[in-house]
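Encoded as structure tokens, the structure appears first; notes follow it.
Taken together, the values in this text are just the output of simple stated rules run on the coordinates, not laboratory data. Everything quoted here is computed from the prediction, not taken from an experiment. Positions of Cβ are generated from backbone atoms using ideal geometry, with glycine treated the same way; all protein chains shown enter the neighbour counts.
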């Protein structure tokens, strides 16, 4: 079986590794209280592949994406949903001169509210019926349809098409991006924010269960985002990196501490009296000082459609 890149359609891909589905089932249950067994029926392993043309990394098989029930279960964890994100503020400044804006995967419409307040004609797409209903009660124009269906009826309608923390959930990502561009006017802006897999936040290996299926189906970084201009009619205009946020500082400190202890063990220093306490004090003092230089969770790319 030839695996093709869902981004480019090319079979120029290589398998990097694989994850056992019993591992995924166990950790989704223990860490998040979510039963994902139904997504992996008859599947023993999930492969991680790299598209050698674009650098985009993806999971296979493609039919293991979470559905509405999966996200309902996740949202029982109070921390899961953030109504306002770093990238919202950055993008809001970019759309001030637009007349028409489309947000794909708008949730309850928090970003659209701010856009609407600027007297901009804005539309949101949201497949979660409850979230879409909450947004409509705010007076927002939110449709429960896919970008593919919407683009067929609204060709080259929008000055800006944006999506925040959506693309990483999409298995047929090439279709998603083509449809987003179909809805965008020539010269318009495409804004995409995704988790940055170059960030220290994602360097803890198998502990990052939410970066795996059925939650995430793609693994983005700066290289793969820049590569889009080779395969789609866009020109990259800007790449923005989120600073490490307060709610991730403790997590980053734990990762740094773990890696430091691993290095100490390799050098046979961990057994020395007081080394563990010294390294902990050093990390606690210096992570705060280094926070301005540590890359955070998210990367945002801005493109112009040719």
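Just a few scattered comments:
- Cα Rg, Dmax (largest Cα-Cα span) when computed across the range 1-50, Å: 13.5, 37
- Estimated from the Cβ-Cβ distance and a Förster radius of 35 angstrom, the FRET efficiency linking residue 229 and residue 294 is about 0.80.
- Separation of the residue 93 and residue 236 label points, Cα + 7 Å toward Cβ, nm: 2.1 nm
- Centre separation in Å (Cα based) which lies between the range 154-177 and the range 55-122: 11 Å
- Pairwise FRET efficiency - residue 119 versus residue 4, Cβ, R0 = 35 Å, nearest 0.05: 0.20
- Normalising the average separation of contacting C-alpha pairs (under 8 angstrom, six or more residues apart) by the number of residues puts the relative contact order of the range 58-166 at 27 percent.
- Counting neighbouring beta carbons within 10 Å and listing from fewest to most, the residues 49, 303, 293, 80 come out as 293, 80, 49, 303.
- Between residue 19 and residue 146, residue separation times 0.36 nm minus the direct Cα-Cα distance comes to 42.8 nm.
- Across the range 1-113, Cα-Cα pairs more than 19 Å apart make up 63 percent of the total.
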